[in-house]
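Below you'll find the structure, written out as structure tokens, and then a few comments.
The values are calculated or read from the model by the stated rules, or taken from the named source; none is laboratory data. Since this is a predicted model, take the numbers as computed values, not measurements. Methodologically, a virtual Cβ is constructed for each residue, glycine included, from the backbone with ideal geometry; neighbour enumeration extends over all protein chains shown. For the accessible areas, the whole protein counts, side chains as well, though only heavy atoms, and no ligand, DNA or RNA atoms are used. Shrake-Rupley method; radii C 1.70, N 1.55, O 1.52, S 1.80 Å.
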Amino acid sequence: MESVKRPCLILSEGHWLALLSLLFITAEAAHKSDPGSDIPATVINHSSMLIQRLKDLLQNSNSSDCTLRVRTANSDEVKVFHTHQLLLSLQSDVFGGLLGNQSIVTLQEPADCAILFEKFVRYFYSGEISVHLNQAMPLHRLASKYHVSALQRGVTEYMKNHLACESSQGHVVSWYHYALGMGDETLQESCLKFLAWNLSTVISSSEWVTVSNDLMVSLLKRSDLVLQSELELFSAMEEWVSKNSPNVSIIEKILRSIRYPMIPPSQLFQIQKQSGILVSYHNVVQDLLFQAFQFHSASPLHFAKYFDVNCSMFIPRNYLSSSWGSQWIINNPARDDRSLSFQTQLGPSNHDSSKKITWNALFSPRWLPASLRPVYSESVSSSSQSNRLDEGKPRLVVTSAMSGLDFAGVTFQKTVLVGVRRQQGKVFVKHVYNVHQSTDEVADFLAHADLQKRTSEYLIDNSLHLHIIIKPIYHSLIKAK
């Protein structure tokens, strides 16, 4: 199998060296000027030399005053580290307590943590550590267990920043389950968002079958799932059930979370006949299927008089199908303004399948409000005018070209997906912006992006990858008694 190059990150944490300098002689001196002199002080910094000497302490076991013995479960192997209580206690109150009354401590660690324990101990002496994808969880587990808060935060940030990295077996699902078990809500939500926004990619990977029951239920509740169509989600759900064999209550719950009104009638007929899970559990979703066919047979306005359309079943997810939006790749986005026109279906109802709405999108890389725009005159230099233009921010405006039409019972949510760097030819969604019908401009669009830099995380081969999705949202006008 072809090896996968995994990203590596160096996490530095040297603030505790100030404390050590009180105990060790450092080669730092200050040259002070005479009173009244304007000559500034000179600082000679040999902190790197100090860090090297600290590394040598561990390497050569010089002046060691405590010993860590690390045992692995189901193994006779014992790793021995001759360490220094001061350095361990400075960053870990757990080690401070363990080493307070004894000089030899035996620790039990799982295999993946034991393998990395030497790397973990070296962090206490150098304030830096290299992290690979497959090392993130065990290092985070060690940092959490021994209360090394700076390292724990650093590894958490590493994991959040490397969700889109390619790995042979996948890692985001396992990181989510790990974060859930550790109670790390920030990492848990970051993983859940990534899975939701890149569900089509996850579905086609080996990670999909490792999704837990609870995670599957959580995903299917979301309206921000990014995938080709609801039918793709149904097929993926059926595959997951066949591989995991969950209990009946879970199957019933996820079957009732599929949004059947978002599937065209011809496909609904097909899956009723060909899907083994629907044949087995038809009675569980019979009412939902019947309601879906009713939805497709009448106008949404008429349907809303008799049924509650203000529920998740009638809210489209972020479908990538051309019926609901358009991909937009903007080459050299910092160069000038661009525009795009595209059409979407009025709504998912089969009654509206032939009705199209035209949308216009405008992208400007450096837009300024009128009050801040430069005044071109002889009294204003061209350089200052150019600087004012550089102060502008990216702007995206999406408007309907048919705004005069009456869309009774329907409003539209505009969703803009921003792709980030490809991994083995794939584009991952990292940023999602939602705008409701009452607003045309996408608020804070790429507010922190520097489109002038080719290395910007927002650009792929110097191009901005967008996907604009128009989601019709139904609302009841008249309720039948």
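When the stretch 144-160 is examined, which residues are found to be of a type in the set (Lys, Arg) and under 15 Å from residue 96 (Cα atoms)?
Looking only at the stretch 144-160, we keep the residues that are of a type in the set (Lys, Arg), and these are 145, 153, 160.
If the condition is that a residue be of a type in the set (Lys, Arg) and under 15 Å from residue 96 (Cα atoms), then 145 is the only one that fits.
Can you name every residue in the stretch 241-271 that is in contact (Cβ under 8 Å) with a residue 60 or more places away in the chain and not in a loop (DSSP other than H, G, I, E, B)?
Taking the stretch 241-271 and keeping what is in contact (Cβ under 8 Å) with a residue 60 or more places away in the chain, we get 261-262, 264-265.
Within the stretch 241-271, 261, 262, 265 qualify.
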Original post:
Going by the conditions given, is residue 217 without any contact (Cβ under 8 Å) to a residue 40 or more places away in the chain, β-branched (Val, Ile, Thr) and assigned to a helix (DSSP H, G or I)?
Top reply: no
Original post:
Taking the stretch 143-157, which residues are open to solvent by less than 30 Å² (accessible area, probe 1.4 Å) and closer than 16 Å to residue 127 by Cα?
Top reply: 143, 146, 148, 150, 151, 154, 155
**OP:** Write out, first by first residue and then by second, each pair whose Cβ atoms fall under 7 Å of each other, whose residues are 6+ apart or on separate chains, and whose first residue, in the stretch 161-173, is in a loop (DSSP other than H, G, I, E, B) while the second is open to solvent by 20 Å² or more (accessible area, probe 1.4 Å) and basic (Lys, Arg).
**Re:** 164/430; 167/6
**OP:** Kindly check whether there is at least one residue in the stretch 234-241 that is within 17 Å of residue 289 (Cβ to Cβ), open to solvent by less than 20 Å² (accessible area, probe 1.4 Å) and of a type in the set (Phe, Trp, Tyr).
**Re:** yes
Original post:
Within the stretch 174-205, which residues are in a helix (DSSP H, G or I), open to solvent by less than 10 Å² (accessible area, probe 1.4 Å) and out of contact with any helix residue (DSSP H, G or I) (no Cβ under 6 Å at 6 or more places or on another chain)?
Top reply: 196, 199
**OP:** Filter the stretch 83-105 down to residues that are part of a strand (DSSP E or B), surrounded by fewer than 16 Cβ atoms within 10 Å (Cβ to Cβ) and not hydrophobic (A, V, I, L, M, F, W, C), then give me how many there are.
**Re:** 0
Subject >> Scan of the stretch 221-238 for residues that are in a loop (DSSP other than H, G, I, E, B), among the aliphatic types (A, V, I, L, M) and in contact with a strand residue (DSSP E or B) (Cβ under 6 Å, 6 or more places away or on another chain), ordered by number >> reply: none
